[in-house]
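Note sheet for the following structure.
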Amino acid sequence: MIDLRSDTVTRPTRAMLEAMMSAPTGDDVYGDDPTVNALQHEAAEMAGKEAALFLPTGTQANLVALLSHCQRGEEYITGQLAHNYLYEAGGAAVLGSIQPQPIDAAPDGTLPLDAVAAKIKADDVHFARTRLLSLENTHNGKVLPREYLREARRFTQEHNLALHVDGARIFNAVVEYGCELSEVARECDSFTICLSKGLGAPVGSLLLGSRELIHRALRWRKMTGGGMRQAGILAAAGRYALRHHVERLREDHDNAAWLASTLREAGADVRRQDTNMLFVRVEAQDVGELGDYMKQRGILINAAPVTRLVTHLDVERAQLEQVVQHWQHFLNR
Ligand SMILES: *Cc1c(COP(=O)(O)O)cnc(C)c1O
């Protein structure tokens, strides 16, 4: 199957599996797993942060970050469409008694800082205490402008807020900036990385930040059930991904750009393409039929009025050529 639903669908490569099979392991709840420790150390080093923590999922990494930054009755400002507001089952509110204050993102994926400022609560018994600003980079494929990251850093310092970045796809942004991870990471207090998306690991995320924050995060990870034992098998996949699958994200971006322009030529209504994602408008009455049509031809998509297609290391250009052919046949049927 050619699976364009998400970059989470990637399978470990043979070389990654070999790295997993030969990884030394120990009990990570005792802090004894050498491969987990190596991954955390290497990631922190790469990011120029004091410490890193390996977690099972990006959702848990965001939750643990929010729990580590905010106390009960405090508040984080985030986007209406941010993963840690919309797509994490309300975890921070349910499990942390942390109030989300969502605001609309601008078309470029940033949270306008004047809109953020307007939502910062005064120190008054009526209000929750505003503690944290949470950004997402990339956001629906969009790379936040680097100048904005610097401004957000200054802004949060001035307003005494912590700054967290949900960096599930931060490396897609780093590849576009053409800079080092550390140059982006220094503009925030904490951030997450998903190893299981475009980087191609089967499982795992990282939370990075100060030693003190990660120390608090360790207790929350245990409490939320994320303390794993011989997790080195999974961490080995993450280490392999950080070494071998970062630079190649550029191929995914090139493939997405190629697919966007070629689908357009074939008559599809491609609305936009950013990094490894493109969004195609589909006539409401065609949505169900398109999904079935593609599936019968070995192509998996999440058909919707705006269909998101995602490129990743398990789809090659030749397969995308097939996608375009079938899409064109569908439009001309
Ligand atoms: C995928 C994703 C996450 C978390 O993903 P998991 O599926 O829980 O690993 C968090 N934030 C963003 C922006 C994501 O795309």
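Label separation (residue 8 vs residue 81): 1.8 nm, computed from points 7 Å beyond Cα along the C-beta direction. Each residue was assigned an accessible area with a 1.4 Å probe, and for residue 321 the value is about 90 Å². Taking packing as the residue-averaged number of other Cβ atoms within 10 angstrom, the listed peptides 283-293, 192-202, 93-103 run from highest to lowest as 192-202, 93-103, 283-293.
When nucleic acids and ligands are ignored and a 1.4 Å probe is applied, residue 279 ends up with an accessible area of around 30 Å².
Please state the shape class of the chain: rounded when a/c is under 1.5, otherwise prolate if a/b exceeds b/c and oblate if not, all from the C-alpha gyration tensor. It comes out oblate by the Cα gyration axes.
Counting only heavy atoms of the protein chains and using a 1.4 Å probe, residue 21 has close to 150 Å² of accessible surface.
Packing, taken as the mean count of other beta carbons within 10 Å per residue, orders the peptides 231-238, 121-128 from highest to lowest as 231-238, 121-128.
For the chain, DSSP calls about 55 percent of its internal beta bridges antiparallel. A dipole drawn for segment 103-182 from +1 and -1 charges on Cβ atoms has a positive end, and of 156, 168, 128 the residue lying farthest that way is 128. Here the spin labels are modelled as points 7 Å beyond Cα on the Cα-Cβ line, and at residue 160 and residue 119 they lie 2.1 nm apart.
At a temperature of 25 °C and a viscosity of 0.890 mPa s, determine how fast segment 1-95 diffuses translationally according to Stokes-Einstein, using the Kirkwood radius over alpha-carbon pairs as Rh; express D in µm²/s, rounded to the nearest whole number. This corresponds to a translational diffusion coefficient of 150 µm²/s. With a 1.4 Å probe rolled over the protein heavy atoms of all chains, the accessible area of 250, 14 falls in the order 14, 250, largest first. Accessible-area rank, largest first, for 49, 119: 119, 49, with all protein chains present and a 1.4 angstrom probe.
Between rounded, prolate and oblate, where does segment 218-279 land on the alpha carbon gyration tensor, with a ≥ b ≥ c its root eigenvalues, rounded for a/c under 1.5, else prolate if a/b exceeds b/c? The shape class here is prolate. Among the listed pairs 142/222; 119/222; 121/197; 49/222; 49/121, which have their C-alpha atoms separated by more than 28 angstrom in this model? From 142/222; 119/222; 121/197; 49/222; 49/121, over 28 Å: 142/222; 119/222; 121/197; 49/121.
The distance between label points at residue 29 and residue 292 comes to 4.9 nm (points 7 Å beyond Cα on the Cα→Cβ vector). Report for segment 76-179 the percent antiparallel among DSSP-assigned beta bridges with both residues inside it, nearest 5. Counting only bridges with both partners in segment 76-179, antiparallel ones make up about 10 percent. Taken about its Cα centre, the chain carries a charge dipole of about 400 debye when Lys and Arg each add +1 at the Cβ and Asp and Glu each add -1 at the Cβ. Let me make sure I get this right: for segment 58-160, a, b and c are the square roots of the gyration tensor eigenvalues over alpha carbons, sorted descending. Under 1.5 in a/c it's rounded, otherwise prolate if a/b > b/c, else oblate. Which is it? In terms of gyration-tensor shape, oblate. As a fraction of the 1.4 Å probe accessible area of the chain, surface on carbon and sulfur atoms comes out at 48 percent.
The values are calculated or read from the model by the stated rules, or taken from the named source; none is laboratory data. Treat the numbers as computed from the prediction; the structure is a model and nothing was measured. All Cβ positions, even for glycine, are placed from backbone atoms using ideal geometry, and neighbour counts span all protein chains on display. With ligands, DNA and RNA removed, areas are computed over all heavy atoms of the protein, side chains included. Shrake-Rupley method; radii C 1.70, N 1.55, O 1.52, S 1.80 Å.
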